[in-house]
Amino acid sequence: MSETGVAVPAPRSGGPTAEVDPAQAAWADYVAAARQLDGVRRAAATAASEQARSVAAAREELTAVRERLAPQQSRLRELGVPAISLAPTPPEVTESVRSMAGGPAAVLAALRAARGWAEAADDTLAARGLPRLARWPARPRNLLVYGPLALVVPLVQVVLFLATGTGPVSILALVIGLPMPAVAFMAGWLAVGRLFRPRPEDRVDRTPRFGALLCLVPAVLTTAGLVLAMLG
């Protein structure tokens, strides 16, 4: 039984002389050829399977890229971009064809690169509020929102105390200011999500612990300072 599954008769051995039997030599050549043919068949099957997977993946990527490009094209036309600028030029087409000449694997790599560019374009087109700041690190970016909100009430309390001194107005401002850090935090949490969300389906890192601490510390320090000033 050969590796290809074909049953062949076993060669005869034990000839009358010590010379090489022609039938045995032919049998050895046949076995070697069968092994080589089986190896070629296996390699071809593997290559065909990999190529089929690459083709299927390339089709999926092509569908995804088309779904990305269609709304982008409509959005750009709404923004006044001429239709001729949205079509590839002949040199660009030639370069794309050259980059995909390596077969399905090269086509798949080019489509994945195109999908990455389309996603980057989505980030630019669908950005809300402050597109550049949306790409900053989370804490410095959110500091621009939580910081001013956290300082509003303490500044008002200090101004009222300097204007009225130890009186009912300053005491009322201190009492009203107690829950304001929570209000400032919630306002900042909502504002961060609205200002720095690149796309509607994306999630923004609102850094809640950092924001809560940032809103609480100025209020606590201001309240403690005003209470000590009043007692003094």
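The values are calculated or read from the model by the stated rules, or taken from the named source; none is laboratory data. Quantities reported herein were computed from a predicted structural model and do not represent experimental measurements. Cβ: placed from backbone, ideal geometry, glycine included. Neighbour counts: every protein chain shown. What goes into the accessible areas is simple: the full protein's heavy atoms, side chains included, and nothing from ligands, DNA or RNA. Shrake-Rupley method; radii C 1.70, N 1.55, O 1.52, S 1.80 Å.
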message: Take the residues in segment 206-222 that are surrounded by fewer than 18 Cβ atoms within 10 Å (Cβ to Cβ) and over 34 Å from the mean Cα position of the chain (by Cα); name whichever of them is farthest from A191 (Cα to Cα).
response: L221
- prompt: In this structure, does G211 turn out to be modelled with pLDDT of 90 or more and within 30 Å of E119 (Cα to Cα)?
  reply: yes
- prompt: L76 passes all but one of (1) open to solvent by less than 70 Å² (accessible area, probe 1.4 Å); (2) under 23 Å from L108 (Cβ atoms); which number fails?
  reply: (2)
statement: Residue hits (segment 51-65; farther than 14 Å from A105 by Cβ and open to solvent by less than 70 Å² (accessible area, probe 1.4 Å)) are L62, A64, V65
Qualifying position, being part of a helix (DSSP H, G or I) and either at pLDDT below 75 or aliphatic (A, V, I, L, M) (or both), among R75, R42: R75
query: Identify, please: which residue in segment 136-173 is open to solvent by less than 20 Å² (accessible area, probe 1.4 Å) and of a type outside the set (G, A, S) and is, among those, farthest from L228 (Cα to Cα)?
result: R141
task: Would you mind telling me which numbered condition in (1) closer than 28 Å to A120 by Cβ; (2) modelled with pLDDT of 85 or more R199 fails?
output: (2)
message: When you check A173 against the structure, is it under 24 Å from P137 (Cα atoms), touching a Leu at 6+ places or on another chain (Cβ under 8 Å) and either among the acidic types (D, E) or free of Cβ contacts under 8 Å to residues at least 60 places away in the same chain (or both), yes or no?
response: no
